[in-house]
Structure formats: C-alpha cells, structure tokens
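The values are calculated or read from the model by the stated rules, or taken from the named source; none is laboratory data. Remember, predicted model here, so these are calculated numbers, not experimental data. Glycine gets a Cβ as well: all are built from the backbone with ideal geometry, and neighbour counts include every protein chain shown.
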Amino acid sequence: MKDSPCILIVDDEQGEVALLAEFMKKSGYKVSLAGDGFKALAACKVRVPDVILLDLQMPLMKGIDVCNKLQADEKTKNIPVIFLRTVEESGIIQPAFSEYPVLVKPLEAQDALSLVKTVLRERALKEELRKKERQVKELTLTDALTSCRNMHYLNEFLKTELTQASRYVSDFSLLVLEPDQHKDLLKKYGQKGVDSLLVQLVAILVRNSRKADLLARSGNVEFVLAMPFTKAEGAIEVAERIREDVAQSSFTFDEQNVPLSISIGIAQFRGGMDSGGELLLSYARQALAQARSAGGNRSFMAE
C-alpha cells in the first residue's frame, strides 16, 4: 500500500496553520509543522516531504532563503514549494521565484488542498518524465542483445579511469576477447545462433568479473573487460580463469551442444599511453590477434 503524501507546513504563526494541518490530515495527508526555516531544513533531513508550504516572512530565516537552501541540496532540490504570503507581501517574491505557486493568508483550507493536489500531480508527471529520460539514456549506453555496456559507454569509462590511473599512478588492465571460429559458427548456426551463444558467453564473463570492472560489447563478437586497480599478473590470472571456464562450459543452441572457446588479448596501461584508451585497446587487440593466429583457446599478454 502506497504511503500518504507528506506535507511540511513552515510558518512562525503556528496557530494560523493548525486548522489547515488538521484539515489536510482528515483529507488523507501526513502533515508536519515547522516554526522557522532552520527547523524546516532539519525536518527535511529526517524525512523529505512531498510538498512544502513555506511562509515568505519569518524571523531568523526568510522563506526565499529557505527555498535557496533546499534547491542547493541534491536531496531536496526537487521538492515542490508553495509560498504562503499576506496580501501586503505581494511584491516580496523575487523574479527568480515568480513561477512558484502562492497561497494568500488568511488561508482557505479547500483552496490549499486543491493547490497541493495539483502540485503533487505535476510532481508525479515530472518524476515519470525523469524516469523515462533515465531509461532512454540507459538504452543509449547499453547493448540491446547482451545488456552489457556498449562502446560509447566504454570510451567514456576509459577516459575517466585512465585519467585517474595516470594521475595517481595506479594499475589498470584490459582484456579483449572473442569466440574462436566465430565465422564458422555464423555459417553453421546463423545470426540467431551466434546471438544465443554470445548471451551465454556473457553470463560466464559476468560471473568472473568484479563490481569495479566494466564489461562492454565492443564489436559484433568482441568484448572488453576493463579492470581498474589490476596489475598485469592479476589480469593474466583473470583471463585464464575466464578462458578455462568457457572451455569447460556447455553451450547450446536449438537443443544442440555447441563447442565454444575464446581467445583473449591482455594489455596493461603504461605511462605515455593516451588517456582515451585508444593505444591500450590497440595493444590488447594485437595480443588477441596473436592468440587467434596461434590456434585460439589461449590468452596473450601484449608486450
């Protein structure tokens, strides 16, 4: 069951808003009261309200100052604010706050309830829009078939991580891998079959990687495992563990067992390499080519 929306009413004249608070409670809302701006900000740290009714003129801290502090905090910046003012205070609201809804005191409980409902509906629509925007962004950074990150995300990840590795002289290793004889697999099983095998392969790669690592699909059948804070010896160990796991695993398509092995190229970030990762990727791919030309089902470390 969904919790009732929480309203925080901030006004130094508590008697005036007490009746409004009771009316809101009877209408199904949870209501909290704060007598000044400092108490309001403290209350928001304990529980973030769904909407704030905020008096403009209060001692200690004015309503606009409270609103500025709320906006400056990531946790509270999206809380809808409704200003409370008297008729005489019509000119106090600054242009930057002119789009905020306003209730004029003395307050009419039904008018306040209607405005709160409207503001909460608008907030719900904005939250849904932000959610959809996040989903769209996520889709642009994720490979649709395997749910791995895509090349665009990998490039941004490498720029960030390699800059850090260079600045703090920390280790960073990279594996580039692909299935052996993938062209033969495509001829025999078609694209649908290859796609199925890749999904099964990714499950093995995921269980052999850490949370700090990044797994990305960087080509039709190529994958990259980027490993921050990993020395060459550790990268070789991971590569061999993955290679052996793949070789010992059962792959199937259309109720047929499909033998599958992979080749892996390994490279470690060194001083003098570009922070975009192009040279690092190039070295790892050269090592991958060596592994494949040596017969496959093996890993090579770039010199």
*Give the range 105-126 a look and list any residue that's in a helix (DSSP H, G or I), of a type in the set (D, E, K, R) and either touching an Asp or Glu at 6+ places or on another chain (Cβ under 7 Å) or touching a residue at least 60 places away in the same chain (Cβ under 8 Å) (or both), or say none.*
ARG123
*Say whether the condition of being within 21 Å of the chain's Cα centre (by Cα), surrounded by fewer than 16 Cβ atoms within 10 Å (Cβ to Cβ), without any contact (Cβ under 8 Å) to a residue 40 or more places away in the chain and under 30 Å from ARG270 (Cβ atoms) is met by at least one residue in the range 167-182.*
no
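Table: residues versus (1) in contact with a strand residue (DSSP E or B) (Cβ under 6 Å, 6 or more places away or on another chain); (2) under 27 Å from VAL66 (Cα atoms); (3) in the same structural domain as PRO49 (by TED's automatic domain parsing); (4) at pLDDT below 90.
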{"site": "PHE97", "(1), (2), (3), (4)": "no, yes, yes, yes"}
{"site": "TYR100", "(1), (2), (3), (4)": "yes, yes, yes, yes"}
{"site": "PRO106", "(1), (2), (3), (4)": "no, yes, yes, yes"}
{"site": "ASP111", "(1), (2), (3), (4)": "no, yes, yes, no"}
{"site": "LYS117", "(1), (2), (3), (4)": "no, yes, yes, no"}
{"site": "GLU122", "(1), (2), (3), (4)": "no, yes, yes, yes"}
{"site": "GLU128", "(1), (2), (3), (4)": "no, yes, yes, yes"}
{"site": "GLN135", "(1), (2), (3), (4)": "no, no, yes, yes"}
*Looking at (1) at pLDDT 95 or above; (2) surrounded by fewer than 22 Cβ atoms within 10 Å (Cβ to Cβ), find the lone condition where LEU225 falls short.*
(2)
*Going by the structure shown, is ALA144 loosely packed, with under 15 Cβ neighbours inside 10 Å and modelled with pLDDT under 95?*
yes
*May I ask you to list the residues in the range 43-66 that are hydrophobic (A, V, I, L, M, F, W, C), part of a loop (DSSP other than H, G, I, E, B) and surrounded by 20 or more Cβ atoms within 10 Å (Cβ to Cβ)?*
LEU56, MET58
*Counting only residues that are within 19 Å of VAL104 (Cα to Cα) and β-branched (Val, Ile, Thr), how many does the range 45-78 have?*
4
_the range 217-232, residues that are under 24 Å from VAL169 (Cα atoms) and touching a Lys or Arg at 6+ places or on another chain (Cβ under 7 Å)_ = none
*Tell me which residues, restricted to the range 20-46, are hydrophobic (A, V, I, L, M, F, W, C), under 25 Å from ASP73 (Cβ atoms) and touching a residue at least 40 places away in the same chain (Cβ under 8 Å).*
MET24
*Would you check if there is a residue in the range 13-25 being crowded, with 18+ Cβ neighbours inside 10 Å and in a loop (DSSP other than H, G, I, E, B)?*
no
*Does GLU233 qualify as being over 21 Å from the mean Cα position of the chain (by Cα), more than 21 Å from ASN150 (Cβ to Cβ) and not basic (Lys, Arg)?*
yes
*Subset tally (residues that are within 35 Å of the chain's Cα centre (by Cα), farther than 22 Å from ARG85 by Cα and basic (Lys, Arg)) for the range 19-56*: 3
*asked:* Would you confirm whether or not the range 258-278 contains a residue that is in contact (Cβ under 8 Å) with a residue 60 or more places away in the chain, part of a helix (DSSP H, G or I) and assigned by TED's automatic domain parsing to the domain that holds GLY190?
replied: no
_Whether any residue in the range 140-147 is more than 25 Å from ALA232 (Cα to Cα) and either among the acidic types (Asp, Glu) or part of a helix (DSSP H, G or I) (or both) is what I want to check._
yes
*Could you look through the range 268-283, keep only residues that are buried (at least 18 other Cβ atoms within 10 Å of the Cβ) and among the hydrophobic types (A, V, I, L, M, F, W, C), and pick out the one that is nearest to GLU161 (Cα to Cα)?*
PHE269
*Kindly provide the set of residues from the range 216-256 that are in a loop (DSSP other than H, G, I, E, B) and out of contact with any Phe, Trp or Tyr (no Cβ under 9 Å at 6 or more places or on another chain), ordered by number.*
SER218, GLY219, ASN220, VAL221, GLU222, LYS231, SER249, SER250, GLU255
